[in-house]
Amino acid sequence: MRAVGIVTRIFPATEDREELAAVYVATTPNPTSGFVEIVPTSRLVWLDWTKNDAIAFIVSGGAMAPDNIRLKNTRNSFDPFK
């Protein structure tokens, strides 16, 4: 199972910890309600959606979505904060 979330912060890797991301997972239909997960960035699956695409998907319960879901292999392939 996967959930659409918004990366809100990246915690750099240290000697004893891998790079981590704070991911806000909003609930449908009210995106101001949700939860934050701390996830290793290596476990994230990056989408090519805009922030507006992601919020529309969440608020509509998945009814409004881009025609395709294209996955990115790594965070380095694009800037998630754009």
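With the crude spin-label approximation of a point 7 Å out along Cα→Cβ, what separation in nm comes out for Ile69 versus Arg9?
With each label point 7 Å from Cα toward Cβ, the separation is 2.8 nm.
Read phi for every residue in segment 34-39 and hand back ³J(HN,Hα) as whole Hz from Karplus 6.51 cos²θ - 1.76 cosθ + 1.60, θ = phi - 60°, with x for Gly and Pro.
For segment 34-39, the Karplus curve yields x, 8, 10, 10, 9, 10 Hz.
Find the accessible area per residue for the chain; the probe is 1.4 Å, ligands and nucleic acids are left out, and the unit is Å².
74
Translational diffusion coefficient of segment 1-73 at 4 °C, 1.567 mPa s, Stokes-Einstein with Kirkwood Rh over Cα pairs, in µm²/s as a whole number.
Estimated via Stokes-Einstein, D reaches 98 µm²/s.
May I ask you to evaluate 6.51 cos²θ - 1.76 cosθ + 1.60, the Karplus curve with θ = phi - 60°, for each residue of segment 17-26 and list the ³J(HN,Hα) values in order in whole Hz, giving x for glycine and proline?
Values per residue, Gly and Pro as x: 8, 6, 4, 10, 10, 8, 10, 8, 10, 7 Hz.
Would you kindly state how much longer the chain becomes between Thr50 and Phe35 on full extension, computed as 0.36 nm times their sequence separation minus their alpha carbon distance, in nm to one decimal?
Between Thr50 and Phe35, full extension yields 3.4 nm more.
The values are calculated or read from the model by the stated rules, or taken from the named source; none is laboratory data. As the structure is a computational prediction, the values presented were derived from the model and not from experiment. Glycine also receives a Cβ, built like all others from the backbone with ideal geometry; neighbour counts cover every protein chain displayed. Heavy atoms of the whole protein, side chains included, go into the accessibility calculation; ligands, DNA and RNA do not. Shrake-Rupley method; radii C 1.70, N 1.55, O 1.52, S 1.80 Å.
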